[in-house]
Amino acid sequence: MKIKEAIDRVPGGMMLIPLLIGALIRTFFPGIFDTPEFKSSFTGGLLTGTSALLAAFYICLGSTIRFQSTGYILKKRVSLWIGKIATAFIIALLIKHIFPDQNHLFLGLSALAIIAAFSDTNGGLYMALMGQLGKKAEDVAAYSIMSLESGPFFTMLILGVAGLASFPVLAFVFAILPLVVGMILGNLDEKMREFLSKGQDVIIPLFSLAIGAGINLTNVVKAGISGIILGIGVVVITGLVLFIIDRVTGGDGVAGVAASSTAGNAAAVPVAVAAIYSGYSQIAATATLQVTAAVIVTAILTPLLTTWFAKRAEKRNVSHVSLSENHDMK
């Protein structure tokens with residue numbers, strides 16, 4: 001049976017399908033979660049151990065982030081990273097000052113879902129697109145510093161600074177500590193980087209299953225519609241902002257458009273944030289569905305938009321070269 005091959009055909013399948021399985025268990029067999037036998041079992045630990053699984057995932061993810069950066073790579077990395085975070089922060093400020101109820105905005109979208117989706121870029125998709133389109137290695141490498149967006153830290157920071165939530169200082173320290181530990185290990189020892197980085201792919205379906213086990217599917221239709229709108233918003237808004245930043249920093253805009261996506265691990269952020277700030281506990285499940293839908297939407301739209309724009313940029317460059325050669329001949 002080609003189970004993995006079938007899962008890989010679904011955009012974000014390794015996260016989406018286990019999450020759906022967990023949600024089906026929660027929806028149709030909610031009673032088992034309250035039984036002593038379940039709570040004390042390995043099965044119970046797997047389906048309710050979201051925090052532990054996420055901590056392990058962030059250690060593995062952190063090991064892939066390299067410290068060293070110079071010249072064009074540093075400029076490109078930092079500019080795209082700041083652009084993504086700054087856009088999410090401005091949106092958070094607008095939500096704070098325009099909407100009286102930040103937990104129930106347009107079509108049920110919450111500040112938590114919006115900021116989680118806007119502040120995390122799909123690095124694998126970015127690097128695949130830039131490599132496929134034949135861009136220079138520096139543009140492909142530009143994602144490494146943007147990997148710092150991964151995890152709940154910047155979502156918490158943006159929500160806290162914008163006044164949409166309140167977190168104790170130690171909460172920020174403990175939220176980013178697994179990522180930092182992974183970064184230190186990966187940068188001190190290349191063998192540790194190689195070893196830990198392999199764990200990402202294994203842990204993703206496991207924590208997705210646990211996240212799904214906390215979701216009741218009764219609101220899935222509503223969340224799906226709002227999630228589609230959220231995904232389109234991420235592509236359009238961050239795509240425009242990062243396109244401009246890429247052009248200003250010497251690029252042709254393609255790298256900026258390629259970064260207009262939401263990472264699969266962003267779906268884990270609402271649960272992680274709600275575990276620290278109880279004000280989001282009631283909406284974490286819905287926010288997870290919305291961000292998951294946004295992940296899928298951006299995984300489809302971002303490649304289409306990037307490929308289309310790359311072709312336009314290539315034609316424009318060819319035209320400029322031809323005009324320049326004709327001018328030199330004269």
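The values are calculated or read from the model by the stated rules, or taken from the named source; none is laboratory data. What you are looking at is a predicted structure, and each value in this text was computed from that prediction instead of being measured. In this analysis, Cβ positions are derived from the backbone assuming ideal geometry, glycine residues included, and neighbour counts consider all displayed protein chains. These area figures cover heavy atoms from the full protein model, side chains too; ligands, DNA and RNA do not enter into them. Shrake-Rupley method; radii C 1.70, N 1.55, O 1.52, S 1.80 Å.
Things to note:
- Set ALA284, ALA259: member being open to solvent by less than 60 Å² (accessible area, probe 1.4 Å), within 21 Å of PRO205 (Cβ to Cβ) and modelled with pLDDT of 85 or more: ALA284
- Hits in region 221-234 (condition: at pLDDT 90 or above and crowded, with 23+ Cβ neighbours inside 10 Å): LEU230, GLY231, VAL234
- Which listed residue, of ARG247, ARG193, is open to solvent by less than 30 Å² (accessible area, probe 1.4 Å), among the basic types (Lys, Arg) and either touching a helix residue (DSSP H, G or I) at 6+ places or on another chain (Cβ under 6 Å) or farther than 30 Å from PHE174 by Cα (or both): ARG193
Let's see how each residue does on (1) of a type in the set (S, T, N, Q); (2) modelled with pLDDT under 75; (3) not in a helix (DSSP H, G or I):
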| site | (1), (2), (3) |
| --- | --- |
| ILE73 | no, yes, no |
| ALA92 | no, no, no |
| ILE95 | no, no, no |
| GLN102 | yes, yes, yes |
| MET127 | no, yes, no |
| LEU148 | no, yes, no |
| LEU159 | no, no, no |
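- One residue stands out among those in region 43-57 that are modelled with pLDDT of 80 or more and not aliphatic (A, V, I, L, M): the one that is surrounded by the most Cβ atoms within 10 Å (Cβ to Cβ), which is PHE57.
- Residue within region 6-20 that is farther than 24 Å from ASN265 by Cβ and exposed (fewer than 14 other Cβ atoms within 10 Å of the Cβ) present: no
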